[in-house]
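Novice: Just passing along the structure, written as structure tokens.
The values are calculated or read from the model by the stated rules, or taken from the named source; none is laboratory data. Everything quoted here is computed from the prediction, not taken from an experiment. Cβ coordinates were reconstructed from backbone atoms using ideal geometry, including for glycine residues, and neighbour counts include every protein chain displayed.
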Amino acid sequence: MFDSLNERLSGLFDRLSGRGVLSEKDVDEALREVRVALLEADVALPVVRKFMDKARELATGEAIIKAVKPADQVVKIVYDGLIDMLGGEEPEPLNLAAVPPVVILMAGLQGSGKTTTSAKLALRLSKFDRKKVMMASLDTRRPAAMEQLKLLGDQVGVEVLPIVAGQSAVEITRRALQSAKLQGFDVLILDTAGRTTLDETLMNEAAEIAKISSPTETFLVADSLTGQDAVRTAEAFHARLPLTGLILTRADGDARGGAMLSMRATTGLPIKFLGAGEKIEALDVFDAKRIAGRILGQGDVVALVEKAAQELDAAKAEQMAKKLSKGQFDLNDLADQLTQMQKMGGMSGIMGLLPGVQKIKKQISDLDMSDKMFARQVAIISSMTKLERKKPDLLNASRKRRVAAGAGVDVAEINRLLKQHRQMADAFKMMARNTGGRGGGMGAM
Ligand code: GDP
């Protein structure tokens, strides 16, 4: 899977990582190369454009983390862009939430792998999810297709609705629903008729069956080897039949990956499974993280950059701790503190970084530290002028009234906040004297 894309990107990342510093031009060139690689992999142009916009935004935005090598950041930016393209990090689970028998409708062109995939899904549901599964073929025009489903059913040990010659697809659907209900099946998989090309009759029939059977999932099965044709097929089906998801087959042989990478962004539909071989077990839950990891082949780098991003918050906390331990603490610091607070494990998380903290613990815990309170206090502080935040003593009665009106609270609350700030600032000053203004760190405690 993704051999060509992987090769091109690995080459690019290797070249980048040889360099210590990357200029804006370097990053731009690198992203342009990624663009070419995506287009060569047959990713749809609008999808590539969207990817590039997002990547450029990330590359120039504040998200840049100083502690990480620039080349690694480019990897992470491409990774995030791919995840976005593929519909987000978390796999979308199969929806089975309905009164049994829960119906799964399978649609697609002939030869896409629809019948095989029906059996793969049936096996998965019966084996892993312990569901009692029935399958039914609605392909009245091709007796061979019905026989094939029967054979596959026998192979995976899943019940297949007996074939009754001469029935229409709608009649078979009704019989299948009734039969599954009476016999207590959990899931009914309906394998609709396939054709070699898109045609009206085929899609009307599928739409009619969807109406009768109210499926929780209506899947389009598409052959990923057909690239952008698969995307167009999905769009055409989706226009007539409310699809809930996509299953891409032959992912095992797909060296380019254009269909897989374009499907989500083009149709808005989640890819839920990948067919990954002819064997009946070869059906994988679609996992964007795994796919992006496979394309980039840089799993470690991505994990490293993610960790560094988390540590960014910790670094900020430490910076604040240093400032506090010098006894500096104005209302700006308090506002910063309050907004950072929740992110960093609350007041105790920050306090843990301060030397001499035990002495003032009681004072701090007496303060009102509820989350709602935090938000209101931030609102109050942001209603003050810059100067007032630096020098809270400036806040006389008329200024307090103005701030109170701005934040939508009464003056008493302003006074409470100022008193709290004074207590904290005094505590920090006292602590700074006690520790001789040493920087933060547990060693000083
Ligand atoms: P249908 O006409 O859409 O029902 O297609 P079939 O289920 O009959 O599949 C057509 C052929 O594709 C069969 O030979 C399958 O074994 C093969 N096939 C289906 N899914 C996959 C897959 O994920 N990988 C590979 N390599 N072959 C597959």
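Novice: Suppose the filter is surrounded by 15 or more Cβ atoms within 10 Å (Cβ to Cβ) and under 14 Å from Thr192 (Cβ atoms); does Ser224 pass it?
Specialist: Answer is no for this residue.
Novice: If you check every pair at least six apart or on different chains, which have Cβ atoms under 7 Å apart with a residue in segment 282-295 that is among the aromatic types (Phe, Trp, Tyr) first and a residue that is within 16 Å of the ligand (Cβ to nearest atom) and modelled with pLDDT of 90 or more second?
Specialist: Correct list of pairs: Phe286/Ile271; Phe286/Lys272; Phe286/Phe273; Phe286/Leu274.
Novice: Inspect all residues belonging to segment 100-120 and state whether any of them is surrounded by fewer than 20 Cβ atoms within 10 Å (Cβ to Cβ), over 23 Å from Thr226 (Cα atoms) and more than 16 Å from the ligand (Cβ to nearest atom).
Specialist: Yes, segment 100-120 contains at least one residue that is surrounded by fewer than 20 Cβ atoms within 10 Å (Cβ to Cβ), over 23 Å from Thr226 (Cα atoms) and more than 16 Å from the ligand (Cβ to nearest atom).
Novice: If a residue must be away from the ligand (no atom under 13 Å from the Cβ), surrounded by fewer than 20 Cβ atoms within 10 Å (Cβ to Cβ) and over 19 Å from Val78 (Cβ atoms), how many such residues does segment 271-294 contain?
Specialist: Selection size over segment 271-294: 1.
Novice: Just one of (1) in contact with a Leu (Cβ under 6 Å, 6 or more places away or on another chain); (2) modelled with pLDDT under 90 trips up Ile381, so point out which.
Specialist: Going through the list (1) in contact with a Leu (Cβ under 6 Å, 6 or more places away or on another chain); (2) modelled with pLDDT under 90, Ile381 breaks only (2).
Novice: Can you name the residue in segment 395-445 that is modelled with pLDDT of 85 or more and not in a helix (DSSP H, G or I) and, of all such residues, is nearest to Asp330 (Cα to Cα)?
Specialist: Leu395
Novice: In segment 167-197, which residue that is within 16 Å of the ligand (Cβ to nearest atom) and closer than 13 Å to Pro215 by Cα is surrounded by the most Cβ atoms within 10 Å (Cβ to Cβ)?
Specialist: Among residues in segment 167-197 that are within 16 Å of the ligand (Cβ to nearest atom) and closer than 13 Å to Pro215 by Cα, the one surrounded by the most Cβ atoms within 10 Å (Cβ to Cβ) is Ile189.
Novice: For segment 14-47, which positions are under 22 Å from Asp3 (Cα atoms), among the acidic types (Asp, Glu) and touching a residue at least 12 places away in the same chain (Cβ under 8 Å)?
Specialist: Once the filter is applied, which keeps residues that are under 22 Å from Asp3 (Cα atoms), among the acidic types (Asp, Glu) and touching a residue at least 12 places away in the same chain (Cβ under 8 Å), segment 14-47 yields Glu33, Glu40, Asp42.
Novice: So how many residues does segment 219-268 have that are more than 16 Å from the ligand (Cβ to nearest atom), within 20 Å of Ala41 (Cβ to Cβ) and among the hydroxyl-bearing types (Ser, Thr, Tyr)?
Specialist: Within segment 219-268, residues that are more than 16 Å from the ligand (Cβ to nearest atom), within 20 Å of Ala41 (Cβ to Cβ) and among the hydroxyl-bearing types (Ser, Thr, Tyr) number 3.
Novice: Please work out if Phe237 is buried (at least 24 other Cβ atoms within 10 Å of the Cβ) and out of contact with any Ser or Thr (no Cβ under 8 Å at 6 or more places or on another chain).
Specialist: yes
Novice: How many residues does segment 383-394 hold that are free of Cβ contacts under 8 Å to residues at least 12 places away in the same chain and either surrounded by 10 or more Cβ atoms within 10 Å (Cβ to Cβ) or not in a helix (DSSP H, G or I) (or both)?
Specialist: Residues that pass the stated criteria total 2.
Novice: Continuing with the same structure: Would it be correct to say that Thr201 is within 13 Å of the ligand (Cβ to nearest atom), among the hydroxyl-bearing types (Ser, Thr, Tyr) and closer than 24 Å to Met135 by Cβ?
Specialist: So Thr201 does not fit the description; no.
Novice: Looking only at segment 153-162, decide whether some residue is in contact (Cβ under 8 Å) with a residue 60 or more places away in the chain, within 16 Å of the ligand (Cβ to nearest atom), closer than 29 Å to Ile291 by Cα and in contact with a Gly (Cβ under 7 Å, 6 or more places away or on another chain).
Specialist: No.
Novice: Does Gln148 satisfy being farther than 30 Å from Asp252 by Cβ, in contact with a Ser or Thr (Cβ under 9 Å, 6 or more places away or on another chain) and surrounded by 13 or more Cβ atoms within 10 Å (Cβ to Cβ)?
Specialist: Spelling it out, it is not the case that Gln148 is farther than 30 Å from Asp252 by Cβ, in contact with a Ser or Thr (Cβ under 9 Å, 6 or more places away or on another chain) and surrounded by 13 or more Cβ atoms within 10 Å (Cβ to Cβ).
Novice: Within segment 23-41, identify whether any single residue is assigned by TED's automatic domain parsing to the domain that holds Pro70, among the aliphatic types (A, V, I, L, M) and in contact with a Ser or Thr (Cβ under 7 Å, 6 or more places away or on another chain), and answer yes or no.
Specialist: Yes - at least one qualifying residue is present in segment 23-41.
Novice: Just one of (1) within 16 Å of the ligand (Cβ to nearest atom); (2) charged (D, E, K, R); (3) over 24 Å from Arg290 (Cα atoms) trips up Arg130, so point out which.
Specialist: Condition not satisfied by Arg130: (1).
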